[in-house]
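Visitor: The structure follows.
The values are calculated or read from the model by the stated rules, or taken from the named source; none is laboratory data. This one's a predicted model, so the numbers in the text were calculated from it and none came from an experiment. Counting neighbours? That spans all protein chains shown, and the Cβs are built from the backbone with ideal geometry, glycine included.
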Amino acid sequence: MTHQRILLICLIFTCCLSCQDEADKRIAPKAKKIASVKPLIQHKNTEKEKLSDYGFFKLPLANLEPTDQVVLYDLNTPLFSDYAFKKRFVYLPDSTKISYKNKGVMDFENGSVLIKNFYYPKDFRKPEQEKRIIETRLLIKENDAWKPLNYIWNEEQTEAILNYVGKQELVHWIDNEGTEKSVSYAVPNLNQCKNCHAKGKNITPIGPTAAQWNKTYSLALSDKNQLDYFYEKGILEELVEPALRPKLPVWNDALLPVDHRAKAYLDANCAHCHNLEGSAKNSGLYLSYNQTDSRKRGIYKPPIAAGKGSGDFIYDIVPGHPEESILIYRMKSNDPSIRMPEIGRSVAHTEGLNLLERYIKELAQNK
Amino acid sequence: MKKIILILGGALLLLVLYKTVGSSLPEYNPERSYVDLETEILEAFILAKDSTTIELSEGHFLFSQSLSMDGKKHITIKGKGMDKTVLSFKGQTKGAEGILITNCNYFTIEDLTIEDAAGDNLKISESKNVTIRNVRTAWTGTISTQNGAYGIYPVLTKNLLIEGCEAIGASDAGIYVGQSKNVVVRNNRAFYNVAGIESENSTGVEIYENDIYENTSGLLIFNLPKLTLYGKNVTAYNNRIYNNNIENFGVKGSIISGVPKGTGVIIMATQNVDFYNNTVEDHVTNNLSVVSYLVFAAEEEAEAIINQSIQDRGIRAVESDYESDTAYNPYPGNVSIHSNVFKNKFWFPTLSNEYGWLMLFKNKATIPDIVYDGILPDGASLQDDEHKICIGDNGTFNFVFMDAAHDFDAFSNDVSPYTCTIAL
């Protein structure tokens with residue numbers, strides 16, 4: 001009896017020892033909010049405090065109805081941002097034009113402003129009805145350099161206020177299947193802008209390229225191409241003939257080949273960092289649409305600096321095996337030290353992942 | 001019946017003993033009472049103009065995101081001392097680093113503690129004239145693979161001083177200097193990390209007066225392929241490197257996870273290394289080794305073979321990979337080891353790795369003080385001009401020439417071929 005008791009105690013003791021190991025280290029403790037006695041730095045603001053100060057939109061502001069020098073534009077394949085909808089505009093100063101570039105970002109004159117509004121329709125099946133605008137990001141061209149600024153919308157949706165430090169905001173919506181969804185949306189802080197918008201040491205826009213703009217214009221009455229529309233409107237110059245223009249495939253156009261769509265998705269969601277001049281230049285993984293080197297695309301490529309981001313997998317992409325591919329592992333993860341993209345999303349993009357998993361599966365069949 | 005129970009009980013007790021004494025990882029549990037001043041401190045980091053000192057008061061400040069700073073000059077971030085000002089990133093939801101500094105010139109951070117970042121605690125990249133002074137970086141709780149990779153992590157920097165710092169619990173290296181030029185690392189303490197202090201692909205590095213103990217491996221002087229800068233000209237002296245024998249808790253697949261526990265100093269594939277006046281003691285694998293990159297490449301190769309399913313579908317390209325980097329020299333050369341003190345309280349090599357087993361059979365179960373793998377490129381010979389290893393007066397020590405390239409055929413304890421001097 002006593003022996004059995006000892007045995008039991010030993011058993012329990014061993015269990016305790018082996019089970020205590022991993023209390024989750026990633027849970028944030030409580031912290032009491034305090035204020036600083038004196039300001040940490042001297043700062044005098046020289047930027048416009050309110051979005052309405054720019055006069056980009058007619059009142060009421062929340063309708064996002066552009067004023068004269070502000071033009072709506074759209075992209076073939078956008079970046080995924082926690083299912084947020086985006087409305088993009090460009091403001092062009094008096095009588096300036098955009099110079100067409102076949103490769104890379106279009107050329108804008110000083111004073112131009114790219115305006116990107118992030119919002120959630122209450123019901124995704126009725127996107128034009130009630131919506132909640134979260135933030136408006138600006139890229140302002142000044143002295144031949146781009147400057148980011150960010151404005152956060154108030155609860156009443158009457159104004160957006162300049163913000164440097166970012167914000168966490170809980171948003172709800174009903175998705176296309178009628179299911180209620182919510183996400184803790186992260187408005188980035190000013191330094192985080194550069195994370196995606198870096199080109200060497202400078203900041204650059206990402207979206208306004210010929211390949212992204214080469215699509216049917218949403219506001220045109222007929223099936224007019226966006227580039228042609230801008231050209232005819234007199235705001236775009238040096239446009240080349242249609243056959244010479246590059247075009248990024250639409251990632252969710254089911255009529256297009258899967259690998260084209262997947263490469264377009266990777267271009268829009270990864271290549272702004274994963275290129276030779278971007279934040280991920282040291283990764284060796286380069287995902288621009290035109291990248292043809294399969295190793296640089298991640299196929300059988302071991303990671304260079306992934307750390308625990310590798311998830312104990314060996315290659316970025318293992319053809320035929322999305323479940324063993326680091327790329328999929330990181331795009332699924334919501335852990336900030338593992339997830340890709342590093343910022344700008346807190347939930348995984350199921351539809352994007354489905355596409356990439358299909359692409360990786362089909363890579364094996366093509367061999 | 002009673003007998004069986006007794007035996008079982010005894011076995012369990014042994015298991016318990018093993019778990020408590022044998023492999024339990026250490027823990028670090030400072031007392032914390034967090035406050036939230038996130039918005040103000042973040043704003044200061046973002047909006048600080050050049051030539052600003054950000055002074056942080058006493059307190060345990062908790063952050064949900066990284067503090068980053070980019071492209072500024074003459075900035076100082078200063079706390080009230082590493083025991084008083086604590087910046088904690090425990091449970092952060094945005095960004096991987098604790099503090100991230102990029103493209104800065106004349107940057108100083110001092111007198112504070114940085115804790116529990118999801119990734120690296122303090123990363124400084126592409127910056128010049130950087131001073132990191134009296135900064136502690138730590139991961140709290142029992143050390144684990146969940147901990148971030150690097151404690152203090154300057155990379156691609158020029159003119160760098162790290163002094164008076166303390167690094168605890170990194171799942172890669174506590175203090176790691178990567179691809180940097182003109183570096184001084186002095187008077188620091190590193191413990192409970194996989195690697196205590198690591199100089200990787202850096203040049204013009206002086207490492208002195210550091211205490212490095214209770215890591216998996218103490219001091220690493222590494223040079224890896226396919227990076228922007230190659231490592232050479234590293235001097236290490238007056239360091240105390242002892243008892244680095246904890247289990248490797250590095251992330252599988254990382255180079256560091258292949259480093260055996262109980263290695264005091266590893267000089268890998270680096271040219272012009274002067275290692276003198278150090279004390280290196282009490283390591284279960286070896287006190288110091290001078291090795292080529294092939295030792296690591298071979299290990300990765302072996303791992304790939306174990307994973308046969310992967311092997312079938314593609315070739316693990318480690319070897320061809322580094323060989324394609326024609327500017328990379330995977331062999332150590334011009335390494336001088338003199339005037340050090342080597343000791344060992346352990347009398348039997350660890351059997352947790354192949355080096356231990358090798359010493360058991362080949363080295364009369366003696367743990368070596370200095371090991372040289374002896375792997376050379378084709379056409380080279382031992383001690384030719386490019387591959388000179390000079391071992392001077394280091395008191396009494398056990399030397400091993402492994403001859404790793406030839407199945408240990410010429411395994412030898414004879415140090416006389418290596419008694420030479422090099423001017424460094």
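Visitor: Run down A:Ser279, A:Ser337, A:Ser283, A:Ser310 and say which single residue is within 19 Å of B:Ser125 (Cβ to Cβ), within 8 Å of chain B (Cβ to nearest Cβ) and of a type in the set (Gly, Ala, Ser).
Guide: Details: A:Ser279 fails: within 8 Å of chain B (Cβ to nearest Cβ); A:Ser283 fails: within 8 Å of chain B (Cβ to nearest Cβ); A:Ser310 fails: within 19 Å of B:Ser125 (Cβ to Cβ).
Going through A:Ser279, A:Ser337, A:Ser283, A:Ser310 in turn, just one is within 19 Å of B:Ser125 (Cβ to Cβ), within 8 Å of chain B (Cβ to nearest Cβ) and of a type in the set (Gly, Ala, Ser): A:Ser337.
Visitor: Find the residue count for region A:275-297, including only residues that are buried (at least 24 other Cβ atoms within 10 Å of the Cβ) and modelled with pLDDT of 95 or more.
Guide: 1
Visitor: Let me ask something additional. Mind telling me which of the residues A:Lys126, A:Lys131 ends up being touching a Lys or Arg at 6+ places or on another chain (Cβ under 8 Å) and charged (D, E, K, R)? Break it down stepwise before answering.
Guide: Values: A:Lys126 fails: touching a Lys or Arg at 6+ places or on another chain (Cβ under 8 Å).
Step by step, each of A:Lys126, A:Lys131 is checked, and only A:Lys131 is touching a Lys or Arg at 6+ places or on another chain (Cβ under 8 Å) and charged (D, E, K, R).
Visitor: Of the residues A:Glu232, A:Glu238, which is out of contact with any helix residue (DSSP H, G or I) (no Cβ under 8 Å at 6 or more places or on another chain) and in contact (Cβ under 8 Å) with a residue 60 or more places away in the chain?
Guide: Numbers: A:Glu232 fails: in contact (Cβ under 8 Å) with a residue 60 or more places away in the chain.
The conditions single out A:Glu238.
Visitor: Here are B:Val184, B:Val194, B:Val205: which of them is touching a residue at least 24 places away in the same chain (Cβ under 8 Å), crowded, with 24+ Cβ neighbours inside 10 Å and either touching a Leu at 6+ places or on another chain (Cβ under 8 Å) or under 16 Å from B:Val273 (Cα atoms) (or both)? Steps first, please.
Guide: Details: B:Val184 fails: crowded, with 24+ Cβ neighbours inside 10 Å; B:Val194 fails: either touching a Leu at 6+ places or on another chain (Cβ under 8 Å) or under 16 Å from B:Val273 (Cα atoms) (or both).
From the options B:Val184, B:Val194, B:Val205, the qualifying one is B:Val205.
Visitor: Considering region A:192-222 alone, what residues qualify as being under 18 Å from A:Pro246 (Cα atoms) and either acidic (Asp, Glu) or free of Cβ contacts under 8 Å to residues at least 40 places away in the same chain (or both)?
Guide: Listed by number, the list holds a single entry, A:Thr216.
Visitor: If you scan region B:300-336, which residues turn out to be under 25 Å from B:Gln383 (Cβ atoms) and either modelled with pLDDT under 65 or not in a strand (DSSP E or B) (or both)?
Guide: B:Tyr322, B:Glu323, B:Thr326, B:Ala327, B:Tyr328, B:Asn329, B:Pro330, B:Tyr331, B:Pro332 - these are the residues of region B:300-336 that are under 25 Å from B:Gln383 (Cβ atoms) and either modelled with pLDDT under 65 or not in a strand (DSSP E or B) (or both).
Visitor: Out of curiosity, is A:Lys167 away from every other protein chain (no Cβ under 14 Å), surrounded by 11 or more Cβ atoms within 10 Å (Cβ to Cβ), charged (D, E, K, R) and over 20 Å from A:Leu64 (Cα atoms)? Before you say what the answer is, go through the steps one by one.
Guide: Working: away from every other protein chain (no Cβ under 14 Å): no; surrounded by 11 or more Cβ atoms within 10 Å (Cβ to Cβ): yes; charged (D, E, K, R): yes; over 20 Å from A:Leu64 (Cα atoms): yes.
For A:Lys167, the condition - away from every other protein chain (no Cβ under 14 Å), surrounded by 11 or more Cβ atoms within 10 Å (Cβ to Cβ), charged (D, E, K, R) and over 20 Å from A:Leu64 (Cα atoms) - is not met.
Visitor: Now, a different point. Go through region A:97-118 residue by residue and tally those that are over 18 Å from A:Glu65 (Cβ atoms), surrounded by fewer than 21 Cβ atoms within 10 Å (Cβ to Cβ) and in contact (Cβ under 8 Å) with a residue 24 or more places away in the chain.
Guide: 11
Visitor: Take the residues in region B:379-401 that are touching a Pro at 6+ places or on another chain (Cβ under 9 Å) and in a loop (DSSP other than H, G, I, E, B), then tell me which one is nearest to B:Val335 (Cα to Cα). Don't jump to the end; show me each part of the working.
Guide: Step one: list which residues in region B:379-401 are touching a Pro at 6+ places or on another chain (Cβ under 9 Å), which gives B:382-383, B:386-387, B:389, B:397-401.
Those still in the list that are in a loop (DSSP other than H, G, I, E, B) too: B:382-383, B:397-398.
Values: B:Leu382: 13, B:Gln383: 11, B:Phe397: 17, B:Asn398: 18 Å.
Ranking the qualifying residues of region B:379-401, first place goes to B:Gln383.
Visitor: Then there's this: Quick one: in region B:23-61, which of the residues that are under 16 Å from B:Gly91 (Cβ atoms) and charged (D, E, K, R) is nearest to the chain's Cα centre (by Cα)?
Guide: B:Arg32
Here is a yes/no grid of residues against (1) under 23 Å from A:Pro257 (Cα atoms); (2) over 22 Å from the mean Cα position of the chain (by Cα):
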site	(1), (2)
A:Gly309	no, no
A:Val318	yes, yes
A:Ile328	yes, no
A:Asn334	no, no
A:Ser337	no, no
A:Met340	no, no
A:Ser346	no, no
A:Leu355	yes, no
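Visitor: What are the residues in region B:40-64 that are at the interface with another protein chain (Cβ under 7 Å from one of its Cβ atoms) and within 26 Å of A:Ser279 (Cβ to Cβ), if any?
Guide: Across region B:40-64, the qualifying residues are B:Ile41, B:Leu42, B:Glu43, B:Ala44, B:Ile46, B:Leu47, B:Ala48, B:Thr52, B:Ile54, B:Ser64.
Visitor: Given the conditions (1) of a type in the set (Asp, Glu); (2) away from every other protein chain (no Cβ under 12 Å); (3) within 20 Å of B:Val177 (Cα to Cα), and given that B:Asp83 satisfies all but one, which numbered condition is not satisfied?
Guide: Single failed check for B:Asp83: (3).
Visitor: If we scan region B:88-105, do we find a residue that is in contact with a His (Cβ under 7 Å, 6 or more places away or on another chain) and among the small types (Gly, Ala, Ser)?
Guide: Yes, some residue in region B:88-105 is in contact with a His (Cβ under 7 Å, 6 or more places away or on another chain) and among the small types (Gly, Ala, Ser).
Visitor: Could you tell me how many of the residues in region A:317-339 are assigned to a loop (DSSP other than H, G, I, E, B), of a type outside the set (Gly, Ala, Ser) and modelled with pLDDT of 95 or more? So that I can check it myself, show each step before the final result.
Guide: So the first thing to find is which residues in region A:317-339 are assigned to a loop (DSSP other than H, G, I, E, B), and the list is A:318-321, A:333-339.
Okay, now just the ones that are also of a type outside the set (Gly, Ala, Ser), so A:318-319, A:321, A:334-336, A:338-339.
Retained after the next criterion (residues that are modelled with pLDDT of 95 or more): A:318-319, A:321.
Here the count works out to 3.
Visitor: Between B:Leu229, B:Leu219, B:Leu224, which is crowded, with 20+ Cβ neighbours inside 10 Å, over 13 Å from the mean Cα position of the chain (by Cα) and assigned by TED's automatic domain parsing to the domain that holds B:Gly148? Steps first, answer last, please.
Guide: Values: B:Leu229 fails: crowded, with 20+ Cβ neighbours inside 10 Å; B:Leu219 fails: over 13 Å from the mean Cα position of the chain (by Cα).
Of B:Leu229, B:Leu219, B:Leu224, the one residue that is crowded, with 20+ Cβ neighbours inside 10 Å, over 13 Å from the mean Cα position of the chain (by Cα) and assigned by TED's automatic domain parsing to the domain that holds B:Gly148 is B:Leu224.
Visitor: Look through A:Thr204, A:Thr179 and report the one residue that is out of contact with any Cys (no Cβ under 8 Å at 6 or more places or on another chain), surrounded by fewer than 17 Cβ atoms within 10 Å (Cβ to Cβ) and more than 14 Å from chain B (Cβ to nearest Cβ). Break it down into steps so the answer makes sense when it comes.
Guide: Values: A:Thr204 fails: surrounded by fewer than 17 Cβ atoms within 10 Å (Cβ to Cβ).
Within the list A:Thr204, A:Thr179, the selection yields A:Thr179.
Visitor: Return a yes/no flag: does region A:214-225 have any residue that is surrounded by 16 or more Cβ atoms within 10 Å (Cβ to Cβ), aliphatic (A, V, I, L, M) and at negative phi.
Guide: Step one: list which residues in region A:214-225 are surrounded by 16 or more Cβ atoms within 10 Å (Cβ to Cβ), which gives A:214-215, A:217, A:225.
With the extra rule that they be aliphatic (A, V, I, L, M), the set shrinks to none.
No - not one qualifying residue is present in region A:214-225.
Visitor: Could you tell me whether A:Asp259 is surrounded by fewer than 17 Cβ atoms within 10 Å (Cβ to Cβ) and either on the phi > 0 side of the Ramachandran plot or in a loop (DSSP other than H, G, I, E, B) (or both)? Walk me through how you get there before you give the answer.
Guide: Values: surrounded by fewer than 17 Cβ atoms within 10 Å (Cβ to Cβ): yes; either on the phi > 0 side of the Ramachandran plot or in a loop (DSSP other than H, G, I, E, B) (or both): no.
No.
Visitor: Taking A:Ser279 as meeting all but one of (1) touching a residue at least 60 places away in the same chain (Cβ under 8 Å); (2) in a helix (DSSP H, G or I); (3) small (Gly, Ala, Ser), write down the number of the exception.
Guide: Against the list (1) touching a residue at least 60 places away in the same chain (Cβ under 8 Å); (2) in a helix (DSSP H, G or I); (3) small (Gly, Ala, Ser), A:Ser279 comes up short only on (2).
Visitor: Taking A:His260 as meeting all but one of (1) over 25 Å from A:Gly207 (Cβ atoms); (2) more than 19 Å from the chain's Cα centre (by Cα), write down the number of the exception.
Guide: The single condition A:His260 does not satisfy is (1).
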